[in-house]
Structure formats: structure tokens, C-alpha cells
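J.: I'd like to ask some things about the structure below.
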Amino acid sequence: MSTTTKIDAARESARRGGTRLTAPTLVASLRRVARETSRSGLVSLFAAFFGAIVAFGLIVWAMERTDPAGGISTPIDGLWWAVVTLATVGYGDTYPASALGKAAAMAFMIGGFVLSAIVSGTVASIFVERRIREGKGLQDIRLKGHFVVCGWNVHADAVLDGLEAESRGAPIVLINGLEPERFDAIRSAHPDVDLRFVRGDHTLESVLRKASVQQCRSCILLPDESGGSGEANADERTRLAALAVKSIARDVAVRAAILKAESEQHLRRAEVDDVVLHGEFTGFLSDSSGAIDDFIKRKFAEAAIDLGSGDKPAGKARLAPGPDYVIGGTDVAFVVGGSVTHG
């Protein structure tokens, strides 16, 4: 599929309003959970576990119901004895008194011990495998109210530093093509941040869904240099990612950093909330859309430059506006590191 076709498909999906939770979607999710559980073998193991309890409880009851010495006179007594025995509680209020009952009890104790070890080992291996998959960025992330950072480059650490203050303990999910070892190093560099990792192409809806982007508080798009991605088409990939995010959840706040100023108009058409030129100000991409404004105003105040006039409050600071922006009569333009041509 060509890049143009992908953009058109993503834009059409966004126009339709994204994916909504419907009855078929819920059923499909439940089926997926059941399928994953079935593949792990837990269903069969738990069925065998509880089946053994019921079977041996009824067998011992059938053997002991006529002998009042052991106190197993009803099916409930037999089940109670089986659960207490398998749980190694050993109350001793009911027990087999006949030779056949004792033989059945010994078989149940040995078989139950082996079955319990198998179930415990299987459950532990599932959790260990999940942790390994999370470390490799292969595990689906089920979160809500978190931050998602798509892409990675030399300025991404500054973004994490800014989000650390904004997140207030909320998890941050990284989506990029870094190797798992590189993510471990990033997590070690930010020990106070709850970092998660999804490895893949952040322009794909399937990868974004793995990070639960539809439930996130804010999504930040960075020019991606991970996984062999270069700067040549970084802004185009950022636009594709923005369209994909908006197609999944139109209400999610999306903030993007770009390499070329002319890319801003395309990002605005993709309904990106905030766009900044990549570089020094990338670290101010945060949950607060006025973070850049506050930074610029603070620096101007330190330099004794008043952005307001009289009793009017200071206006909105606009960093690197696009070429179609017209400076009005009440605007004040500051040019840093260049020159301005007067018309």
C-alpha cells in the first residue's frame, strides 16, 4: 500500500469518527480473552483440578456413607473433606475410616499434590512470560488515563523529563522501534517514571491499540529515529500517526513535534492540538497546552520584555507560525537567530 493510500484510508477512518464500543466489538474482545486463556492451558488445568476435588469427594462419600466413624455421611461432607485435604488445612472433623476410603484418600493426596504443583507452575510461568513480553514491547498494555509517546530521538529524554512533572504518577507508554535493551536503559535513566513499552510502527492502528491509545490522557508524536527510521520522511510518518490516533479516539489530545515548518499545516488538517518545531522546545510537549507559552513569557519577563500592554493580559505566544499566518496590527513579532523582511 502506498503512503498516499495509507493517508487517505486513515483520514477516511478519522472522518467516520473512529471505533466505537459496540456489542460485536465487546463479544470479539471476550472471545480473544477466552482464546488466549485456552491457549495457555489454564482452562484444562483448572477443570482437572476442580474435577478431581468433586470426583474424589463423591468417591470417598460413597465408600464412607454407611460408616459413621469418619463423619462423611453426605455428599457435602465428602466435598468438604476433599477441599480441606487438598488445601492441606487438615481440620480433622471428617476423615475416611474404612480401608477402601483410606486407599482412595492416599491416591487423592498424592494426585492432588502433583496437580497443585502443575497448576501453580503454569500460573507462575504465565506471569513470567507476560513480564518478558512487556520488556520486549510485545505485550498489550491495558491502562487508562496514561500518556503515550510515539517515536524516539535525541530529544525524547527531555520530553520524559517534562512529562514526569506533569504525569503525577500516571504511566507513560513508549511506542517505537528501539531494541528491548535500549528501553531498559531508558527506564533506568527515569527510575521515578512508570514506563511501559510497545515495540512497533506507531503509524499502525493495531500497534496504537496495544498501547491503549484510545484510553490515554494525551498522545505525543516525535520525529522518529528508532528502528532505522530516518529524518527524510519523519514528518510524513508523524502525520500518518496523527491520523491513526484520531481515527481511534478523536477526543484524545495529540501534540506533535515536526522537523519542517511547512509540515504544520498538514498536522493541523489532521486535527493535531499542538505543533512545535522539533529541537529546543520539544521538551515542553506536555499535558498542558500552554507550557510553551508559559516558558516563552517567563523568558521574556526575565529579559524585561512585556508581552501585554496596559491592563490587558499578555496574549498567546505562538512559536514558529506557519507561512499562512498573517501578523495583525496588535501582534508583536520576535525573530530569533534570523532576519525579518518588512513589506
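Each value in this text was obtained by applying a stated rule to the coordinates, not by laboratory testing. Treat the numbers as computed from the prediction; the structure is a model and nothing was measured. Note that we place each Cβ from the backbone using ideal geometry, even for glycine, and neighbour counts take in every protein chain shown.
J.: Please report how far the C-alpha centroid of the range 44-68 lies from that of the range 234-278, rounded to the nearest whole angstrom.
T.: If you average the Cα positions of each part, the centres end up 63 Å apart.
J.: What ranking do 146-159, 71-84 get when scored by the average of other Cβ atoms within 10 Å per residue, highest first? Walk me through the numbers before you get to the answer.
T.: Details: 146-159: 21.6, 71-84: 18.6.
Most protected by this proxy first, the peptides run 146-159, 71-84.
J.: Using the per-residue mean of other Cβ atoms lying within 10 Å as a proxy for protection, in what order, highest first, do the peptides 85-91, 169-175 fall?
T.: Averaged packing, sorted descending, gives the order 169-175, 85-91.
J.: Checking the a/c ratio against 1.5 first, then a/b against b/c, what shape does the Cα gyration tensor give for the range 41-135? Could you put the intermediate results ahead of the total?
T.: On the way: a/c = 3.25, a/b = 3.01, b/c = 1.08.
Note, shape of the range 41-135 comes out prolate.
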